[in-house]
Amino acid sequence: MNDKIYGECFCGKIKYSLLGPLKPGRCCHCSKCRKAFSGAGSAMTFVQDNSFEWVRGEEDLKVYANQENIGLGFCSTCGSSIAALKGREVFGITLGTLNDDPEVIIKEHIFVGSKASWDHIGGTSPCYDEFPTDD
């Protein structure tokens, strides 16, 4: 089934749509994700090719990228982290920006070996100290 799923930033300036169903999610608990998401880590899912579209506000998207041009897109007004990007191409979205229940499960927790001491991981998804070797 290919239903449209919508998401947006906290202030609503940036809105996107993508075709579902979504792939299983992943939570990263590394120190960089904790800083980028101001929390215990990140919760994201990868976007299927040609399924993502900006509905409005793409011009308000700011990007922070590393030397490999991989980065995060965030709202220049409210600061919400919205998407993982390679250049300006979206390859992942943050689950917290979805408007409705996309029925996504968290497939795995990664970099648990460096999680914050106050971070408690619940559920039954597997946890990996670093990056799983099968990805």
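Derivation of every value follows stated rules applied to the coordinates shown; laboratory data play no part. On a predicted model such as this, the values are computed, not experimentally measured, just so you know. Because the Cβ atoms are built from the backbone with ideal geometry, glycine has one as well, and the counts that use them run over all protein chains shown.
Please find, within region 88-135, the residue that is farthest from the chain's Cα centre (by Cα) out of those that are among the polar types (S, T, N, Q) and within 21 Å of Leu22 (Cα to Cα).
Ranking the qualifying residues of region 88-135, first place goes to Thr124.
Which condition from (1) charged (D, E, K, R); (2) over 25 Å from Lys15 (Cα atoms); (3) part of a loop (DSSP other than H, G, I, E, B) is the one that Lys107 breaks?
(3)
Going through region 97-135 one residue at a time, which ones are in contact with a Ser or Thr (Cβ under 7 Å, 6 or more places away or on another chain) and not acidic (Asp, Glu)?
Thr97, Val104, Ile106, Lys107, His109, Ser114
Please state which one of Tyr16, Tyr6, Tyr64 is surrounded by 19 or more Cβ atoms within 10 Å (Cβ to Cβ) and in a strand (DSSP E or B).
Tyr16
State whether one or more residues within region 42-58 are of a type in the set (Asp, Glu) and without any contact (Cβ under 8 Å) to a residue 12 or more places away in the chain.
Among the residues of region 42-58, at least one is of a type in the set (Asp, Glu) and without any contact (Cβ under 8 Å) to a residue 12 or more places away in the chain, which makes the answer yes.
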